[in-house]
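The values are calculated or read from the model by the stated rules, or taken from the named source; none is laboratory data. This structure is a prediction, so every number in the text was calculated from the model and none was measured. Heads up, the Cβs are rebuilt from the backbone with ideal geometry, glycines too, and the neighbour counts pull from every protein chain shown. What goes into the accessible areas is simple: the full protein's heavy atoms, side chains included, and nothing from ligands, DNA or RNA. Shrake-Rupley method; radii C 1.70, N 1.55, O 1.52, S 1.80 Å.
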Amino acid sequence: MTDYYKVLGIKRTASKSEVKSAYRKLARVRHPDVNGGSEQAAREFALLSKAYRVLNDPQERAYYDDKLSTASDSDFSFLHSTNPHARRARNLAMQARWDRIVDEVLERDRRENRERQRAVFTTVSLFLSTFFVAMLRPHLWETFDYAGRAILLTLFLIGVWHLATRLREYFNHYTYKPKSIQDSIMRDEEQPEQPFTRFSAYTFLLVGYALSIGMGLIAGWHAQDFFSGLTMLFHQRVETVQTNVLFYSSTALLIPDLVLYPPIAVLIVDTMQALAARID
């Protein structure tokens, strides 16, 4: 409830002449015409005029004083009373407020942990699938008929869309574009909330992808005798080639494999992780 006595800057025991004197004094300072017709000055002058009309009329003032006293007693009785029920109500209200704040903080932490977990699953599945494709050289495309290739191509397109969507989401959430040196000098800007720059994120993806390919090729080269028996299972419909060109041909065919299979693997892993999270 607005205290009109404070608006006029007078005591509650002020006489009618003191009310009028205080109003005239403040009106000369806060009139909109004196303040360039500003909207703020108009609102302040309207409140000042209302306070004067109420306190200058004896009946309006008596009714207002009664409401003001009732409101003050009500606020005091609840907020400052030593009654055990009032104290208990205040404690319950305060506890409920703190519980709500704690719940909001915990919920934000849970959402952030889920987002971080999704980012880790996507990135790790991309690198691991690239590593295993480079190591095993599966060439599954040649073993499938038209129906199988259509399914594989459909999964590839869905996987590319899924991977691009996830990476764009992670870039927006965890990275930022640094301002130019001139902008940094001219403007005193706050530190960004994101922990990484956009360039560092791109560098991490490219370097991780290249390392996954390199480590997969090295592991496959050292264990090609072991994997030769496994790869023969996927070449039942492929013509037999000479041994001295087998490695080079499989390496050439590895390029479309590295494009085709990692997005499918990311799609499968992310789908399984999302189902597990939903069940959990």
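A few remarks follow.
- Condition met for residue 176 (modelled with pLDDT of 85 or more and within 17 Å of residue 195 (Cβ to Cβ)): no
- Options 152, 136, 106; residue that is under 30 Å from residue 279 (Cβ atoms) and either open to solvent by 50 Å² or more (accessible area, probe 1.4 Å) or at pLDDT below 70 (or both): 106
- Within region 15-53, the residues that satisfy the criterion of being surrounded by fewer than 16 Cβ atoms within 10 Å (Cβ to Cβ) and under 18 Å from residue 67 (Cβ atoms) are 47, 50, 53.
- For region 121-133, the set of residues classified as farther than 21 Å from residue 218 by Cβ and open to solvent by 50 Å² or more (accessible area, probe 1.4 Å) consists of 121 only.
- Note on region 1-38: residues that are modelled with pLDDT of 85 or more and of a type in the set (S, T, N, Q) amount to 4.
- Within region 199-211, the residues that satisfy the criterion of being within 19 Å of residue 176 (Cβ to Cβ) and open to solvent by less than 50 Å² (accessible area, probe 1.4 Å) are 200, 201, 205.
- If you go through region 60-78 and pick out every residue that is exposed (fewer than 12 other Cβ atoms within 10 Å of the Cβ) and either small (Gly, Ala, Ser) or modelled with pLDDT of 85 or more (or both), you end up with 4.
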